Amino acid sequence: MPPNAAAELQNVSLVGQKKTAVVVGGINGNGGGIARRLAQLGCSRIIICTDDEKGGEKELEVLKRLAPKDWGLVAHFLPVDLADVKGMRAAAEAIQGAAGDSGIDYLVMSQIGAPTGLIKENADRHDTSFAIQCISRFALAYLLTTRGALAPEAVVLSVYYHWGHSLDDLSIEDLSLKRRLGTQSTTNMYKAQTRRDCTVLDSVNEELNFRYPQYRYYCLWPGLVTGDFSASAFPTYLKAVVWLGSKTLAVTPEQYSNVPVYILASPDAQRTLGPDRYFDHNLNSGTSMLGKWASDAKNREALWKKLKEIIGEKE
Ligand SMILES: NC(=O)c1ccc[n+]([C@@H]2O[C@H](COP(=O)([O-])OP(=O)(O)OC[C@H]3O[C@@H](n4cnc5c(N)ncnc54)[C@H](OP(=O)(O)O)[C@@H]3O)[C@@H](O)[C@H]2O)c1
């Protein structure tokens, strides 16, 4: 039986542990819930990053109000725009600078929502949604890991769709799926984009754990969580389902945040969860469910090389 994260966290405090957390997408939705829960538990330093310059400063006040009384939470807001490689590299540099020499204990990535079935090119000629959802997660995890920005035994969490979906015919020369555009309906494009995102992010997560075993990299599927996402952003065939689900089944970001924060902050989490690195909203594991494409080490190796090339890193 998986642990009950909310119940377990009632006995957890981070006060005095000098932990630094970075939450990308840390105002709205899942990221916002995670940042606020960490503040409640007494995390020493929280750095939130999004592209919402105005909301960031306001959210810092919320975090300080939630922190335990008389606990000197240090909270920073970094405006970042992860829509292209220039923005991703600038974000990694700013995050490392803000975290300082003691490094990042918890790196949470929860940027952007679902794909749209459309392609909108960014400055690098990649699909913007793919760039934010996938390339930026690779870029931040890779750059912060290899530049020495992580503290010893750091934990990296990426919140996205249900791991294990596979786009079996994914070509690393067509990661933005431009070749499919025009030959497929918006609905099929949406399905392919969702599967592509899972395939890429599962593969990246596998490689991170393999290459840097001194850290732990997790992928989390949150189920349905209320937030700023709007049913209107989804393709027609999903609008009604998403709307109904958000009104009936969805939990709040605060409720969901117990799961990721349990993984980050509970002293028991590593022992209880073992070597698994993929978890759903009830802490059920999915490591054995990786898709066909991401299970192939040759595919992952080729993708790793390609993503490094995309973000301008030499071999
Ligand atoms: N909510 C759900 O039910 C659900 C279900 C399954 C999976 N997920 C996955 O969970 C993750 C987070 O989803 P969510 O619902 O929490 O989304 P959300 O409420 O839309 O929050 C996404 C965050 O990403 C930030 N962001 C967007 N574009 C950015 C950019 N160019 N640069 C920097 N930050 C940017 C947003 O900042 P601004 O608001 O300032 O733009 C926001 O803080 C996504 O991968 C999503 O697919 C969510």
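Residue check, residue 99 against (1) open to solvent by 60 Å² or more (accessible area, probe 1.4 Å); (2) farther than 30 Å from residue 194 by Cβ; (3) touching a Ser or Thr at 6+ places or on another chain (Cβ under 7 Å), all met but one. Which one?
(1)
Among the residues of the range 114-125 satisfying the criterion of being open to solvent by 40 Å² or more (accessible area, probe 1.4 Å) and of a type outside the set (Val, Ile, Thr), which is nearest to residue 190 (Cα to Cα)?
So the residue we want is 118.
Could you pull out the residue among 37, 45 that is crowded, with 22+ Cβ neighbours inside 10 Å and within 22 Å of the chain's Cα centre (by Cα)? Outline the logic, then answer.
Numbers: 45 fails: crowded, with 22+ Cβ neighbours inside 10 Å.
It is 37.
Can you find a residue that is within 30 Å of residue 183 (Cα to Cα), of a type in the set (A, V, I, L, M, F, W, C), crowded, with 18+ Cβ neighbours inside 10 Å and touching a residue at least 12 places away in the same chain (Cβ under 8 Å) anywhere in the range 66-83? Explain how you work it out, then say what you get.
Going residue by residue through the range 66-83, those that are within 30 Å of residue 183 (Cα to Cα) are 82-83.
Now drop any that are not of a type in the set (A, V, I, L, M, F, W, C), which leaves 82-83.
In the following step, the residues that additionally are crowded, with 18+ Cβ neighbours inside 10 Å were identified as 82-83.
Filter once more, so that each one left must be touching a residue at least 12 places away in the same chain (Cβ under 8 Å): 82-83.
Within the range 66-83, one or more residues are within 30 Å of residue 183 (Cα to Cα), of a type in the set (A, V, I, L, M, F, W, C), crowded, with 18+ Cβ neighbours inside 10 Å and touching a residue at least 12 places away in the same chain (Cβ under 8 Å).
Would you say residue 84 is more than 17 Å from residue 257 (Cα to Cα) and more than 13 Å from the ligand (Cβ to nearest atom)? Break it down stepwise before answering.
Numbers: more than 17 Å from residue 257 (Cα to Cα): yes; more than 13 Å from the ligand (Cβ to nearest atom): no.
For residue 84, the condition - more than 17 Å from residue 257 (Cα to Cα) and more than 13 Å from the ligand (Cβ to nearest atom) - is not met.
Within the range 97-118, can you find the residues that are out of contact with any Lys or Arg (no Cβ under 6 Å at 6 or more places or on another chain), within 16 Å of the ligand (Cβ to nearest atom) and at negative phi? Show your work before the answer.
Restricting attention to the range 97-118, the residues satisfying the condition of being out of contact with any Lys or Arg (no Cβ under 6 Å at 6 or more places or on another chain) are 97-104, 106-108, 110-118.
With the extra rule that they be within 16 Å of the ligand (Cβ to nearest atom), the set shrinks to 98, 107-108, 110-118.
Passing the criteria: 98, 107, 108, 110, 111, 113, 114, 115, 116, 118.
For a quick check of your reading: which helices (runs of 4 or more DSSP H) sit entirely within the range 1-76 and have at least 2 residues that are within 16 Å of the ligand (Cβ to nearest atom) and not aliphatic (A, V, I, L, M)?
Working: elements: 5-9, 29-41, 53-66.
Counting at least 2 such residues, we get 29-41, 53-66.
I want to confirm something. Restricting to the range 147-188 and keeping residues that are in contact with a Pro (Cβ under 8 Å, 6 or more places away or on another chain) and farther than 22 Å from residue 301 by Cα, which single residue is most open to solvent (accessible area, probe 1.4 Å)?
The selected residue is 186.
Could you please let me know if residue 9 is aliphatic (A, V, I, L, M) and either surrounded by fewer than 21 Cβ atoms within 10 Å (Cβ to Cβ) or closer than 20 Å to residue 222 by Cβ (or both)? Break it down into steps so the answer makes sense when it comes.
Numbers: aliphatic (A, V, I, L, M): yes; either surrounded by fewer than 21 Cβ atoms within 10 Å (Cβ to Cβ) or closer than 20 Å to residue 222 by Cβ (or both): yes.
Yes.
Yes or no: the range 228-247 includes at least one residue that is under 17 Å from the mean Cα position of the chain (by Cα) and of a type outside the set (Asp, Glu). Quick ask: steps written out before the conclusion?
Of the range 228-247, the ones under 17 Å from the mean Cα position of the chain (by Cα) are 228-229.
Restricting the remaining residues to those that are of a type outside the set (Asp, Glu) gives 229.
Within the range 228-247 (the criterion being under 17 Å from the mean Cα position of the chain (by Cα) and of a type outside the set (Asp, Glu)), the answer is yes, since at least one residue qualifies.
Any residue that is surrounded by 18 or more Cβ atoms within 10 Å (Cβ to Cβ), at pLDDT below 85 and more than 24 Å from residue 28 (Cα to Cα) - is there at least one of those in the range 272-286?
Yes, the range 272-286 contains a residue that is surrounded by 18 or more Cβ atoms within 10 Å (Cβ to Cβ), at pLDDT below 85 and more than 24 Å from residue 28 (Cα to Cα).
Among the helices (runs of 4 or more DSSP H) confined wholly to the range 203-315, which include 2 or more residues that are among the polar types (S, T, N, Q)?
Numbers: elements: 236-248, 253-265, 269-273, 292-295, 297-310.
So the answer is 236-248, 253-265, 269-273.
The values are calculated or read from the model by the stated rules, or taken from the named source; none is laboratory data. Because the structure is a prediction, the values reported are computed rather than measured. FYI the Cβ positions are ideal-geometry reconstructions off the backbone, even for glycines, and counts take in every protein chain you see. Please note that ligands, DNA and RNA were not included when accessible areas were found on the heavy atoms of the full protein model with its side chains. Shrake-Rupley method; radii C 1.70, N 1.55, O 1.52, S 1.80 Å.
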